[in-house]
Structure formats: structure tokens, C-alpha cells
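What follows is one structure encoded as C-alpha cells, with my remarks underneath.
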Amino acid sequence: MKLAEDPHRRLNALTQEWVLVSPHRTTRPWQGEVAKLLAESQPRYDPNCYLCPGNARAGGIRNPEYASTFVFENDFAALKPQTARDRVDAENMGLLVAEGEPGICRVICFSPRHDLTLATMTPEEIEPVVHTWVGQFRELGGLKDIHYVQIFENRGAMMGASNPHPHCQIWGTASIPDAPAKELASQSAYLKKHQRCLLCDYVALEQRQQVRVVCENEGFIALVPFWAVWPFELLVCSRQHMASMNDFSNDDARALSRMLHQVTATYDKVFDAPFPYSMGFHQAPTDGGEHPEWHFHAHFYPPLLRSATIRKFMVGFEMLGTPQRDITPESAAERLRELAGG
Ligand SMILES: [Zn+2]
Ligand SMILES: [Zn+2]
Ligand SMILES: [Zn+2]
């Protein structure tokens, strides 16, 4: 079996899920199909934006005239802190099971400027954003009933982002959500079996092979994982073993700012248009455990496939069977690496 030619499936070592790879279907060179999508230019300030400084949000609360980052409780929070954490098993058959889920949802504006993105902000402008994430992670993670903290950004209308103002969300939950729970199980099993960290070993392997690595700086490495599902998916890992932003130094914050800028600016070069994505940090649960197995990382899941307007859909076999991709992770990495360097 040849990875570059034959249909095969790859195992995601972090989740133990499979992805189907069909390299033979990439008959047309996708570089020839770049369609430019003219970016709608945004104003520096939008009087109708509920995230811009001084504007009113739903419910009449007015944003302060903030000058850097700005954090507030989500006006339409999916979770409430007062919720009772009880369990219902209707008729005691294990078929109608529900649990109360206390939690906190906040919004973090990256900048007072309406027209910026992580790709167009400078690394120096991103640094206060990283420091805000670190502070929020420590604060929410330190709360008794919050056992997991998810920081995530949806960028672009294609990903359902309702507002172009640069912002992200932070949700703290009483339970550990499914995606990190799977990674927790895999990382724990690997540590138990090998007495080493799964992602420390994986990063070392990718650094040795230099096939899927896109870029690297003193603190972080970005690579297209061997098991990537999305065409230009990226995994960003800390080069040193650390579990979460609790372990961050100022140097780490600076290095992450530079890495986030490089990754998002590279994405914007792929189709010469703002690249939509969902990204987020996977950090150790804040449940009071030690978590020696957990290695800090971020996932970038961009939906674009062959042009700025053609997106990948997870439908059909992918919805009912397993995800599938055509462009191999190796060729996606090669393309991103060229753009990251230039
Ligand atoms: Zn705005
Ligand atoms: Zn590690
Ligand atoms: Zn993860």
C-alpha cells in the first residue's frame, strides 16, 4: 500500500478514530482552480456591531470604550453557573439519560478595531490576547465546579461566525466534553504503556520526518497531522511538554502569538482570501487531577477545499461512516509550508 496513491485509512492517535484517505481522486491539480474571493472590507468601527467599543449589546448593556482586549459574560450563554448538577435516568433503563451541566460562557474581543483578524494583527498586538486567555483559563479553571475550559474561535461566515469583529469564546463546563475526553483516554493509555507523552513522541517523530511540518518557532510547532480530516487542518503543539496555559511563561505567550499570526497569515495566502476556520486550544482538564499525560495543543479546522468558495461538507459516508479526504495531509503540508516560508 502506497500512502500517496492507494485508498487507505489512517488512525488518529489522539482520538483512536479513523479517517479514509483517497489520494487517487485528486486527479486535477487544485492550484489551477484558485478562485479569488474579494474580501469585504470592514470599517475600523461599525456603529451596528455589538462588540465594538461604546456600542450597546442585546439587553441594553453598553460596552466600555476598551483599548485592548475586552471580556464579558455571553448575553446568550449556552450554560449557566447556577444549574444543578443532577442526573436523570427516566424509567431507569439507561436509555433516557440526562445530566445538569453548570457552566460559564464568556466572549473575548481581541481588539477594539472591527476590521482586524489574527492574520492582520501583528504578533505584538496578539500578545495581550494570549495574556487574556491565560488569565481567563486560570480564573475559570480555578473555579470549583469548572472541570474543563474550552477557548475557541469561529472565523468567517462559512463557519457560522455571526460577527466579523475579532473575538473568541471561552466556555467552562462541569464535565469534560467528548473531543477532549477521547484525547484524555488516548494520552493516558499511551503514557501508561510507554511511560512517555504521546504528543512529545509525535512531535519528535514529525520533526525527524519533516514531511508534515509547516512551521516552527522557539516555543511551538505547526503541522498537518498524519490523521488530518479537514483539507488544511493544522495541529499546533508546544515544543516543551506542558499541560496548559497554567504552565505558560511570558516567552511562551510571545512565541504562541507569533505562531498564531504565522498560521493565520499563511491560511489567508492559500486562496488569497480570508480563510475561515474553527480553532481552539485543548488543555488539561481543570478537575484537580495532575494530568501528566496531557500535552498543550491547538487545532485549526478550516473547511475550504479547492477555492475560497468551495468547502468540504461532512455528509453521506462521512456522516454515517467515517470522515474521508482526497488531498493527502502530506501534499497539504507541502503547500502550506511553501506559503509559510514566503
Ligand atoms: Zn465591531
Ligand atoms: Zn508532552
Ligand atoms: Zn486535541
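Scanning the stretch 234-270 for residues that are in a loop (DSSP other than H, G, I, E, B) and open to solvent by less than 10 Å² (accessible area, probe 1.4 Å) yields one hit, SER244.
When MET242 is tested against (1) among the aliphatic types (A, V, I, L, M); (2) under 21 Å from ILE146 (Cα atoms); (3) under 13 Å from the mean Cα position of the chain (by Cα), just one condition goes unmet, and that condition is (3).
As a summary of the residue check, LEU304 satisfies the conditions (1) modelled with pLDDT under 95; (2) open to solvent by 10 Å² or more (accessible area, probe 1.4 Å); (3) aliphatic (A, V, I, L, M) except for the one numbered (2).
Which count do you get for residues in the stretch 53-63 that are more than 28 Å from the chain's Cα centre (by Cα) and surrounded by fewer than 15 Cβ atoms within 10 Å (Cβ to Cβ)?
Total meeting the criteria: 6.
If the condition is being assigned to a helix (DSSP H, G or I), of a type outside the set (Val, Ile, Thr) and under 19 Å from the mean Cα position of the chain (by Cα), then the stretch 201-220 contributes only TYR202. Screening the candidates GLU206, GLU290 for the property of being open to solvent by less than 20 Å² (accessible area, probe 1.4 Å) and of a type in the set (Asp, Glu) yields one hit, GLU206. CYS197 satisfies every condition listed in (1) within 16 Å of ligand 2 (Cβ to nearest atom); (2) open to solvent by 30 Å² or more (accessible area, probe 1.4 Å); (3) in contact (Cβ under 8 Å) with a residue 24 or more places away in the chain except (2).
In the stretch 177-190, the residue that is nearest to the chain's Cα centre (by Cα) out of those that are of a type outside the set (Asp, Glu) and surrounded by fewer than 17 Cβ atoms within 10 Å (Cβ to Cβ) is ALA179. The condition of being closer than 22 Å to GLY54 by Cα, touching an Asp or Glu at 6+ places or on another chain (Cβ under 9 Å) and aliphatic (A, V, I, L, M) does not hold for LEU96.
The values are calculated or read from the model by the stated rules, or taken from the named source; none is laboratory data. Quantities reported herein were computed from a predicted structural model and do not represent experimental measurements. All Cβ positions, even for glycine, are placed from backbone atoms using ideal geometry, and neighbour counts span all protein chains on display. What goes into the accessible areas is simple: the full protein's heavy atoms, side chains included, and nothing from ligands, DNA or RNA. Shrake-Rupley method; radii C 1.70, N 1.55, O 1.52, S 1.80 Å.
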